[in-house]
1. What does the charge dipole of region 116-187 about its Cα centre add up to, to the nearest 20 debye, if the Cβ of each Lys and Arg holds +1 and the Cβ of each Asp and Glu holds -1?
2. Projected onto the charge dipole of region 125-267 (+1 at Lys/Arg Cβ, -1 at Asp/Glu Cβ, origin at the Cα centre), which of G241, S266, G229 gives the Cα projection farthest towards the positive end?
3. Taking only DSSP H segments of four or more residues, each worth -39500 (n - 2.57), what value at 222 nm results for the chain once the sum is divided by all its residues, to the nearest 500 deg cm²/dmol?
4. Just report the Cα centroid separation between region 410-458 and region 196-272, whole Å.
5. Grab the alpha carbons of region 347-458, take their convex hull, and tell me the volume per residue in Å³.
6. In whole percent, and with a 1.4 Å probe on the protein chains, what portion of the accessible area of the chain is carbon and sulfur?
7. Between A311 and N200, what FRET efficiency follows from the Cβ-Cβ distance if R0 is 35 Å, with the result rounded to 0.05?
8. Quick check for me: using +1 on Lys/Arg Cβ and -1 on Asp/Glu Cβ, what's the dipole size of the chain about its Cα centre, in debye to the nearest 20?
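The values are calculated or read from the model by the stated rules, or taken from the named source; none is laboratory data. Everything quoted here is computed from the prediction, not taken from an experiment. A quick note on method: Cβ atoms are made from the backbone with ideal geometry, for glycine too, and the neighbour counts reach across all protein chains shown. Remember, those area values only see protein heavy atoms, side chains included, never the ligands or the DNA or RNA. Shrake-Rupley method; radii C 1.70, N 1.55, O 1.52, S 1.80 Å.
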Amino acid sequence: MSQMSNVLDAVVARVVARDPHEPEFHQAVREVLGTLSPALERHPEYVEAGILERLVEPERVILFRVPWVDDAGHTQVNRGFRVQFNSALGPYKGGLRFHPSVNLGIIKFLGFEQVLKNSLTGLPLGGGKGGSDFDPHGRSDAEVMRFAQSFMTELSRHIGEQVDVPAGDIGVGGREIGYLFGQYKRLNNSYSSGVLTGKNPEWGGSLARTQATGYGTVIFAQEMLRGRGLSFDGRRVTISGAGNVAIYATAKAQALGAHVQAVSDSSGYVVDEDGIDLELLRQVKEVERARLSVYAERRAASSAASGSATAVRYVAGGNIWDLPADIALPCATQNELTEADAETLIRNGVQVVAEGANMPSTPGALAAFQAAGVSFGPGKAANAGGVAVSGLEMAQNASRDHWTFEQVEAKLTDIMVAIHNTCLATADEYGTPGNYVLGANIAGFTKVARTMLAHGVI
Ligand code: GLU
């Protein structure tokens, strides 16, 4: 065991020494490699074939200038990234993130997680990730279009339906995918539906892709609850974030009878004693692209107009994890839930935590949940529903077919339940029952490792 730990420590040390300015990537690698010892004890051939060293090194990194002209006529220069991490199981697959915090380390952490997540879905998908430090907030549709066209002008050389298939992530939704697809189609003079996923269902997208990540996270959490003899019905749920994942996690949790009491954005959180009003949340965030404070103002105004007491409270700058909850679904962004937040949630009786975002819990938070016996579902398992339905979108594009919402949702449910059961079975097999983190990492890793071994040293 200790000998294997030394091997793993050496790989981590080399990753840190090579790229010292990528803390999120180091964190993701440490978190995964920290659980792999028992699998490597059983499969020393993976170590001998250098699988670990190859797993932590992207197959290809593309970094490019993205020049565009804003509405005021000024030239803006952003940075574009695509990290083609691992193609053992299929074409590189993973989203694009447009957010000012994006840098190479962030994209590498996301790409690394994506490799194992995509492996867990059981679909033939490799792993990659991309994006830009472009901030879409406050930009006009025309600016977003010009930026997206410039971004795709370079990216188009590196992607393709058998090569690399991007999709959305933070800051990239239906509007952005539309502009990116349009530019790809124009540059290639061909209608390659399968080159991007997250498309509008009217022109090649899959029904239920918009809902898939949030729905999938709740389906995964429901399986976790079932294992503890619980359900969503009547439970208090806190969901951080107010973007695509949070909105559809709210929708699904409510459909299962949960009381979703709060959601958040980067300025604060809103508590709604009557339960989050899903239609208002969608109107404010999806249609108007406004702040959550607008949700609180509207809700208060409509209560006042109907003469009822205001049940909504907006806490500017507040910490959503201060609220007592039975179930917590972090659906905002990386490292949003700290060890101190985990201690508060534990003190307040949280039973199940499932990550809708990528790596939202810090290592300290994760350790605290596990030590307290809280069921903890890591993002690479719990939020795999988004990329899983992207895989189903690719299947529909390849066969020129279009499935109903119900067909896609039924497949999504099967995939999430299968991932849940694989995590638990793997945790059992390695003598750590209930450890979803170890189960997800080892199950995701071993499939990739077996395949890399079969393909030789490439
Ligand atoms: N960005 C999503 C994720 O983190 C989805 C990627 C995709 O659909 O390719 O998994």
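1. 160
2. G229
3. One gets -15000 deg cm²/dmol as the mean residue ellipticity at 222 nm.
4. Each part reduced to its Cα centre gives a spacing of 23 Å.
5. Output value, Cα hull per residue: 145 Å³.
6. 50
7. 0.45
8. Dipole of the chain, to the nearest 20 debye: 720 debye.
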